[in-house]
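Below: the structure, in structure tokens.
The values are calculated or read from the model by the stated rules, or taken from the named source; none is laboratory data. These numbers were taken from a predicted model, which means no experiment stands behind them. FYI the Cβ positions are ideal-geometry reconstructions off the backbone, even for glycines, and counts take in every protein chain you see. Just the protein is used for accessible areas: all its heavy atoms, side chains included, with ligands, DNA and RNA removed. Shrake-Rupley method; radii C 1.70, N 1.55, O 1.52, S 1.80 Å.
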Amino acid sequence: MSVTADVEQFIISELSQGRDITTIDPGDNLLAKGIVDSHGVMELVAFLEERYGISVRDEDLTPENFESVARIDEFVARKQDGRG
Amino acid sequence: MLAQAPVTELLDSAAAAHPDRTALVHADERISYAELAERVERAAGALAVAPGDAVGLVLPNGPEFVVAFLAILRAGAVAVPLNPAFKQAEREFHFRESGVAAVVTEEPAGGGAAPAVARDADADAVFQYSSGSTGRPKRVPRTHAQLRAEVDAYVRATGMGPGDVVFCAIPLHHTYGMGCCLLASVHAGSTLVLFDQPSPLVLQRGRALELIERERATVFPAVPYTFRLLADAPEGGDLSSLRLCISAAAKLPRATLRAFEGRFRVPVRELYGCTEAGAVTVDMSARPEPGSVGLPLDGVEVRIVGAEGELLDTGRVGEIHFRGPGMTAGYAGPGDLNRDAFRDGFFASGDRGRLDDEGRLHVTGREKLLIDVRGDKVDPIEVEDVLAVHPKVEQVVVVGVPSDADGEEHVKAVVVPAGECGERELIRYCRERLADYKVPARVEFRDEIPLSAAGKVLRKYLLD
């Protein structure tokens, strides 16, 4: 499964319960929609670290890296390439 | 007498004294006191409400909140500010309970400039809600005179003035944001810098640091979680402009205090307050004492009471009781709520603490069961009431436990299921009915709930 599909599935199943969200467009702003809140962002970080074997540092915690599934996909790719 | 003047006069005075001074900063918008007063007058004219009507106010932090809040008071109505994160059922409860005549969800427009409606200083100005281990929030009415007395005393204690720039990253619908940011800033003629609803703050902390630095903020009231996130931020942040950082709403961990002070070289002082009275004490001593929330504000009396209702001596730990001119006269609703909470004119806070030799208050714990989720208070009984009616839940107890992810307290539900029942199903069920901060982060299933011989739930065995 692609990173995009994987992350979408994680967000829908783990972070968006009760919000009536069944699909997420890769460009959807997760922050503006309130899907990734303070608790959600830490769960998402733990998921990315475990699933992709990457290490998310404090300086990686920016809106640019987490505001959409597409941005998260790019962030994971940069980490896996050793560019982030 | 100054302390008896309605809250709306604060803005009139500030606009008359320094019309061109910046009152509000939000994103790229800068609003002078003269402009703010004009917007408030127009908004008050657009509100079709009668004096004494309760008016719901559901807006995030921003100039629209400030204008609408002050306009509601100017129109002689009572503001009922609510958390915009509330779900439908929560909003409906609050609207019904307070009997709102109207709800404001955007800045009122289309009206002509309206003169302020004369209101008695003892007329209600706001209805706020206090979580109190009773399952349902209790309505706390506070009058113009009470709000004015609190903000007078707070501004005097902190020495706030026209040269101050207040950086506000706490919700204005909370008592803390309303008093120590909005009203204090207007009263002092300071500039209020409004940070967008900071969720999730962990992703926005770089921007928060930039804004404090750019605006040369001098006063920063926040909650411990915010100080910790900023202390741990990876880079940036010349916060040398800050002269006063205040932490409230939850106990400030020493590690957070040390990390923030160590990095930014600004002391963090603690304030103690509650929905029933606003700010009660603040530690303004030359060298803040770790663990102290300081001396009572002017006019506030604090005493420590033992289990039998006896007054305890200096140094002994008991329940914190206090009274003062900013305090509500009592909850709206059944008298038994007030009999338990207000005794001999003092509010029995449900918090435990002691007074030291210098009269400073130290908060040591809490008798109520409330859970602190990053500055928001969660009443476990309210969450239990939601889960208890789920068909697959036989018994439920809700407790606060430290999160594995960041050590902050979060909500855990311990459930004895009635048949097959999944964690996600219950979390989803809560999310549909409760604001996100109240939703359990974890559900733990057990065969039984541990009880004492007297049948009392032994919560301490549920905290793992």
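Below is a table of values for the structure above.
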| item | result |
| --- | --- |
| Some residue of the range B:379-390 being out of contact with any His (no Cβ under 7 Å at 6 or more places or on another chain), more than 22 Å from B:Lys138 (Cβ to Cβ) and not hydroxyl-bearing (Ser, Thr, Tyr) | yes |
| Filter result for the condition that a residue is farther than 30 Å from B:Arg96 by Cβ and in contact with a helix residue (DSSP H, G or I) (Cβ under 8 Å, 6 or more places away or on another chain), over B:Gly315, B:Gly345, B:Gly324 | B:Gly324 |
| All positions within the range A:44-61 that are assigned to a helix (DSSP H, G or I), at the interface with another protein chain (Cβ under 7 Å from one of its Cβ atoms) and not small (Gly, Ala, Ser) | A:Asp58, A:Glu59 |
| Matching residues in the range B:335-378 - criterion: being within 14 Å of another protein chain (Cβ to nearest Cβ) and β-branched (Val, Ile, Thr) | B:Ile371, B:Val373, B:Val378 |
| Residue within the range B:281-292 that is touching a Phe, Trp or Tyr at 6+ places or on another chain (Cβ under 8 Å) and open to solvent by 20 Å² or more (accessible area, probe 1.4 Å) present | no |
| From B:Arg74, B:Arg136, B:Arg42, B:Arg119, residue being open to solvent by 50 Å² or more (accessible area, probe 1.4 Å), in contact with a Leu (Cβ under 9 Å, 6 or more places away or on another chain), touching a residue at least 60 places away in the same chain (Cβ under 8 Å) and in the same structural domain as B:Thr22 (by TED's automatic domain parsing) | B:Arg119 |
| Conditions (1) within 11 Å of another protein chain (Cβ to nearest Cβ); (2) surrounded by fewer than 21 Cβ atoms within 10 Å (Cβ to Cβ); (3) assigned to a helix (DSSP H, G or I); number of the one not met by A:Arg78 | (1) |
| Of all residues in the range A:29-51 being of a type outside the set (A, V, I, L, M, F, W, C) and open to solvent by less than 40 Å² (accessible area, probe 1.4 Å), the one that is nearest to the chain's Cα centre (by Cα) | A:Gly40 |
| Any chance B:Gly262 is without any contact (Cβ under 8 Å) to a residue 60 or more places away in the chain, more than 17 Å from B:Arg360 (Cα to Cα) and within 14 Å of another protein chain (Cβ to nearest Cβ) | no |
| Residue ranges of helices (runs of 4 or more DSSP H) in the range B:1-99 with at least 2 members β-branched (Val, Ile, Thr) | B:63-74 |
| B:Arg207 vs. criteria more than 14 Å from chain A (Cβ to nearest Cβ), farther than 26 Å from B:Val78 by Cα and among the basic types (Lys, Arg) | no |
| Filtered residue count, the range A:52-61, keeping only those that are at pLDDT below 90 and surrounded by fewer than 18 Cβ atoms within 10 Å (Cβ to Cβ) | 3 |
| All positions within the range B:421-457 that are of a type in the set (D, E, K, R), more than 14 Å from every other protein chain (Cβ to nearest Cβ) and open to solvent by 80 Å² or more (accessible area, probe 1.4 Å) | B:Asp447, B:Glu448, B:Lys456 |
| So A:Gly40, is it on the phi > 0 side of the Ramachandran plot and either in contact with a helix residue (DSSP H, G or I) (Cβ under 7 Å, 6 or more places away or on another chain) or more than 9 Å from chain B (Cβ to nearest Cβ) (or both) | no |
| Candidate set from the range B:159-200 (those that are within 14 Å of chain A (Cβ to nearest Cβ) and free of Cβ contacts under 8 Å to residues at least 40 places away in the same chain); member that is least open to solvent (accessible area, probe 1.4 Å) | B:Pro200 |
| Yes/no for B:Phe342 being of a type in the set (Phe, Trp, Tyr), closer than 15 Å to B:Val305 by Cβ, touching a residue at least 24 places away in the same chain (Cβ under 8 Å) and buried (at least 18 other Cβ atoms within 10 Å of the Cβ) | no |
| Residue that is farthest from the other protein chains (Cβ to nearest Cβ) [pool: residues in the range A:62-72 that are within 16 Å of A:Glu43 (Cα to Cα) and touching a residue at least 24 places away in the same chain (Cβ under 8 Å)] | A:Val69 |
| Residues (in contact with a Gly (Cβ under 9 Å, 6 or more places away or on another chain) and among the charged types (D, E, K, R)) located in the range B:1-28 | B:Arg21 |
